[in-house]
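Worksheet for the structure shown next.
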Amino acid sequence: MLSAAFLLGIIPTLQAAELEVTVTNLTQGIYFTPIIISAHTTDTHIFESGEMASTELQALAEGGDISGVAGMLSGSSADMVENPAAGLLAPGMSTIAMLSNSAGNDYLSLAAMLLPTNDGFVGLDSWEIPIEAGTYTFTLNAYDAGTEANDEIVNGGGALGAPGIPAAPGVGSGTGGTGVTTTEANSVVHIHRGNLGDDDMNGGKSDLNNTVHRWLNPVAQVTVTVK
């Protein structure tokens with residue numbers, strides 16, 4: 001039997017709900033910096049593919065700093081969880097965040113920088129939270145913020161506009177690379193090409209290892225349980 005709401009043309013919307021969000025790092029040698037997860041309205045975005053990165057996204061993608069994105073989300077009355085892994089999320093590891101979303105905050109987004117990259121990040125943009133309780137699983141790609149050349153040089157960089165990679169956690173990185181490139185032709189947010197790396201850990205073009213720091217999308221799995 002059709003419900004009265006359906007017969008009256010009323011479309012149900014998600015009310016306040018409890019969400020359990022599990023993020024798993026699917027890569028073999030890439031770390032996620034502190035993750036920010038948010039439920040928000042339809043007109044709020046951490047990032048949008050094909051659009052210029054905001055200053056807040058640039059800070060996240062180049063240096064792992066989520067404070068600007070958190071401030072932007074707070075200003076739009078979004079619900080959020082910051083840094084559920086309490087630091088870096090290592091390859092193969094998972095973290096769980098509990099999120100209570102207010103009525104109207106019907107879309108889920110998340111982001112975290114990928115290390116070691118210049119301005120790469122894992123991201124989810126405005127996934128509509130299901131009305132029905134249940135468990136939903138999907139994968140995420142890596143994006144390039146388009147704000148910095150992918151030189152693949154590990155030099156402690158990370159400030160806005162400063163070239164280089166802040167750090168290379170784990171094993172396998174080298175030194176003395178001359179740089180893969182000095183320019184970035186695509187200045188909008190786009191799917192990341194992946195690290196190139198090389199096998200010369202005392203020189204070559206890249207400080208990254210082509211057997212450790214390369215990846216194929218997707219880079220993360222997300223499981224959302226709507227309660």
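Considering all different alpha carbon pairs of the chain, the Kirkwood hydrodynamic radius works out to 18.2 Å. Rounded to the nearest 500, the 222 nm mean residue ellipticity of the chain from helices alone is -2500 deg cm²/dmol, with -39,500 (n - 2.57) taken per DSSP H run of at least 4 residues.
Taking other C-beta atoms within 10 angstrom as a stand-in for reagent exposure, V154, V171 fall in the order V171, V154, fewest first.
Scaling against 2.2 N^0.38 Å puts the C-alpha radius of gyration of the stretch 116-160 at 1.70. Here the stretch 141-218 is treated with +1 on each Lys and Arg Cβ and -1 on each Asp and Glu Cβ, and its dipole about the Cα centre works out to around 140 debye. The packing ranking of peptides 141-153, 90-102, highest mean first, is 141-153, 90-102, where packing means the average number of other beta carbon atoms within 10 angstrom of each residue. Counting only Cβ charges, +1 for Lys and Arg and -1 for Asp and Glu, the dipole size of the chain around its Cα centre is about 400 debye.
How big is the charge dipole of the stretch 23-99 about its Cα centre, in debye rounded to the nearest 20, if each Lys and Arg gets +1 on its Cβ and each Asp and Glu gets -1 on its Cβ? So the magnitude is around 280 debye.
Computed on the stretch 18-216, with alpha-carbon pairs under 8 angstrom and 6+ residues apart, the relative contact order is 24 percent.
Each reported figure results from applying straightforward, stated rules to the coordinates on display, with no laboratory input. Predicted, not measured: the structure shown is a model, and the values here were computed from it. Positions of Cβ are backbone-derived with ideal geometry, glycine not excepted, and every protein chain shown enters the neighbour counts.
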